[in-house]
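**Student:** Let me begin by handing over the structure; questions about it come next.
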Amino acid sequence: MHRSELTVDLGAVRRNARTLLRALDGAQLWAVVKANAYGHGAVDVAGAVLDEGAGALCVATVPEGLVLRSEFGLARILVMGPTSSSREIAEARDARLELAWWEDELPDGVRVHLKLDTGMGRWGLAELPQLGPDVVGLMSHLATADSDPDFAKEQVERFRAATEPYAGLMRHVANSAAALRLPSARFDAARCGVA
């Protein structure tokens with residue numbers, strides 16, 4: 001029986017990163033490398049996109065972030081999935097990971113990106129709480145950027161209205177589809193994975 005084999009062309013990954021950076025027109029590329037970079041090898045893909053100018057890496061879990069931290073000591077790494085245990089929060093703090101956060105009580109000593117629910121309906125704050133010194137970013141997630149651009153535009157406008165007073169913080173809402181199809185969603189960075 002033959003074994004399956006997958007060959008990842010890191011040159012193609014680099015070209016995609018350069019193409020996205022041009023399309024983002026000044027916004028940062030935050031490369032989503034969760035789930036082992038969608039099965040392509042998180043460490044290799046992360047190295048390639050960082051070399052091309054990605055501003056940050058995004059993962060789903062603290063353990064994924066820790067793997068990348070051991071390889072990329074200076075990279076900005078955002079954990080986008082839920083982090084609820086005190087052990088994981090302590091690990092994130094020690095490893096200088098940043099956390100997406102949607103609870104009223106902020107963790108001490110960890111840089112967080114407050115996540116607003118602008119219409120996705122999962123994991124998000126209805127409104128911004130008092131911002132502490134560890135809040136470094138504001139984010140949301142678009143539910144339909146690839147299938148219902150009108151609703152995505154509504155979400156972008158909700159996000160813009162809620163975050164405009166905090167334009168000094170890093171603001172990001174665009175996923176791959178929005179980064180390419182909806183320029184108003186780009187803000188300061190776009191979180192691209194599938195692209």
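**Student:** Quick check, is Gly137 touching a His at 6+ places or on another chain (Cβ under 6 Å) and not in a helix (DSSP H, G or I)?
**Tutor:** When the stated conditions are applied, Gly137 passes them.
**Student:** List pairs: first in the range 115-143 and more than 20 Å from Ile77 (Cα to Cα) and touching a residue at least 12 places away in the same chain (Cβ under 8 Å), second open to solvent by less than 40 Å² (accessible area, probe 1.4 Å) and charged (D, E, K, R), Cβ under 9 Å, 6+ apart or cross-chain?
**Tutor:** Final answer for the pair search is Leu125/Lys115.
**Student:** Pull out all pairs, ordered by first then second residue, where Cβ-Cβ is under 7 Å, the residues are six or more apart or on different chains, the first lies in the range 26-46 and is within 18 Å of Ala178 (Cβ to Cβ) and of a type in the set (Gly, Ala, Ser), and the second is part of a loop (DSSP other than H, G, I, E, B) and open to solvent by 10 Å² or more (accessible area, probe 1.4 Å).
**Tutor:** Ala27/Arg186; Ala27/Phe187; Ala27/Asp188; Ala31/Ala54
**Student:** If I go through the range 42-72 residue by residue, how many of them are farther than 24 Å from Gly26 by Cβ, hydrophobic (A, V, I, L, M, F, W, C), outside any helix (DSSP H, G or I) and open to solvent by 10 Å² or more (accessible area, probe 1.4 Å)?
**Tutor:** Adding up the residues that qualify gives 1.
**Student:** Test each condition in (1) aliphatic (A, V, I, L, M); (2) touching a Leu at 6+ places or on another chain (Cβ under 9 Å); (3) touching a residue at least 24 places away in the same chain (Cβ under 8 Å) for Val13 and report the one that comes out false.
**Tutor:** (2)
**Student:** What number goes with the only condition from (1) in a loop (DSSP other than H, G, I, E, B); (2) open to solvent by 50 Å² or more (accessible area, probe 1.4 Å) that Asp150 does not pass?
**Tutor:** For Asp150, the exception is condition (1).
**Student:** Here's another thing I want to ask about it. Quick check: is even one residue across the range 19-38 in a helix (DSSP H, G or I), more than 25 Å from Ala185 (Cα to Cα), open to solvent by 40 Å² or more (accessible area, probe 1.4 Å) and of a type in the set (S, T, N, Q)?
**Tutor:** The answer is yes, given that some residue of the range 19-38 is in a helix (DSSP H, G or I), more than 25 Å from Ala185 (Cα to Cα), open to solvent by 40 Å² or more (accessible area, probe 1.4 Å) and of a type in the set (S, T, N, Q).
**Student:** Filtering the range 160-181 down to residues that are outside any strand (DSSP E or B) and among the basic types (Lys, Arg), which residue is least open to solvent (accessible area, probe 1.4 Å)?
**Tutor:** Filtering first and then ranking leaves Arg160.
**Student:** Another question about this same structure. Condition first: acidic (Asp, Glu), open to solvent by 40 Å² or more (accessible area, probe 1.4 Å) and at pLDDT 95 or above. Now tell me which residues in the range 73-110 satisfy that.
**Tutor:** Result: Glu91, Asp94.
**Student:** On to the next question. Sort out which residues of the range 80-103 are assigned to a loop (DSSP other than H, G, I, E, B) and over 17 Å from Cys58 (Cβ atoms), and write them in order of number.
**Tutor:** Within the range 80-103, Ser84, Ser85, Glu103 qualify.
**Student:** Considering only residues of the range 182-195 that are assigned to a helix (DSSP H, G or I) and touching a residue at least 40 places away in the same chain (Cβ under 8 Å), which is surrounded by the most Cβ atoms within 10 Å (Cβ to Cβ)?
**Tutor:** Ala185
**Student:** While we're looking at this one, here's another question. Which residue is nearest to Ala56 (Cα to Cα), if the candidates are limited to the range 111-126 and must be open to solvent by less than 100 Å² (accessible area, probe 1.4 Å) and small (Gly, Ala, Ser)?
**Tutor:** Filtering first and then ranking leaves Gly124.
**Student:** Follow-up question, since we're still on this one. Does at least one position in the range 140-147 carry a residue that is open to solvent by 10 Å² or more (accessible area, probe 1.4 Å), outside any loop (DSSP other than H, G, I, E, B) and among the β-branched types (Val, Ile, Thr)?
**Tutor:** So far as the range 140-147 goes, no, none of its residues is open to solvent by 10 Å² or more (accessible area, probe 1.4 Å), outside any loop (DSSP other than H, G, I, E, B) and among the β-branched types (Val, Ile, Thr).
The values are calculated or read from the model by the stated rules, or taken from the named source; none is laboratory data. Since this is a predicted model, take the numbers as computed values, not measurements. All Cβ positions, even for glycine, are placed from backbone atoms using ideal geometry, and neighbour counts span all protein chains on display. Just the protein is used for accessible areas: all its heavy atoms, side chains included, with ligands, DNA and RNA removed. Shrake-Rupley method; radii C 1.70, N 1.55, O 1.52, S 1.80 Å.
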